Amino acid sequence: IQADGTDGNCVTFVLHDEDHTLGNSLRYMVMKNPEVEFCGYCITHPSESKINFRIQTRGALPAVEPFRKGLNDLMGVCQHVLNTFEVRLFLKSSRAFS
């Protein structure tokens, strides 16, 4: 991850080897933060697997904070989905042996 910007409240993060899957999910999670004024991303070119992910915050909150929180929240959601899937799969397979 590479961050470019002169102002800590408005930063563009360059995410390599990523696409819309992470970009849109992370944008959704970051925008849930009321301190975020703008959050968006773009794919630089269809043949490149990198995105420019921009965050602008209100006040003195550095943009890296909602970026980190968004990533952590997204990992939590993914872990919940995985756990739920594994529990359901286990319950289904244990019923097959009953």
Exercise. Does L71 satisfy the condition of being at pLDDT 95 or above and of a type in the set (A, V, I, L, M)?
Worked result: yes
Of the listed residues (N72, N83, N33), the one being out of contact with any Gly (no Cβ under 6 Å at 6 or more places or on another chain), in a loop (DSSP other than H, G, I, E, B) and among the polar types (S, T, N, Q) is N33
Taking region 66-85 and the residues there that are without any contact (Cβ under 8 Å) to a residue 24 or more places away in the chain and open to solvent by less than 100 Å² (accessible area, probe 1.4 Å), the one that is farthest from F13 (Cα to Cα) would be T84
Q: Examine region 11-22 for a residue that is within 24 Å of V81 (Cα to Cα), over 12 Å from the mean Cα position of the chain (by Cα) and acidic (D, E), and state whether such a residue exists.
A: yes
Of the residues in region 6-52, those that are at pLDDT below 90 and within 17 Å of G70 (Cβ to Cβ) come to G8
Given the condition on the phi < 0 side of the Ramachandran plot, in a strand (DSSP E or B) and within 11 Å of the chain's Cα centre (by Cα), answer yes or no: does some residue in region 54-61 qualify? no
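The values are calculated or read from the model by the stated rules, or taken from the named source; none is laboratory data. All figures in this text were calculated on a predicted structure; none of them were measured in a lab. Every residue, glycine among them, receives a Cβ derived from its backbone with ideal geometry; neighbour counts consider all protein chains shown. Quick note on the areas: whole protein, heavy atoms, side chains included, nothing else; ligands and nucleic acids left out. Shrake-Rupley method; radii C 1.70, N 1.55, O 1.52, S 1.80 Å.
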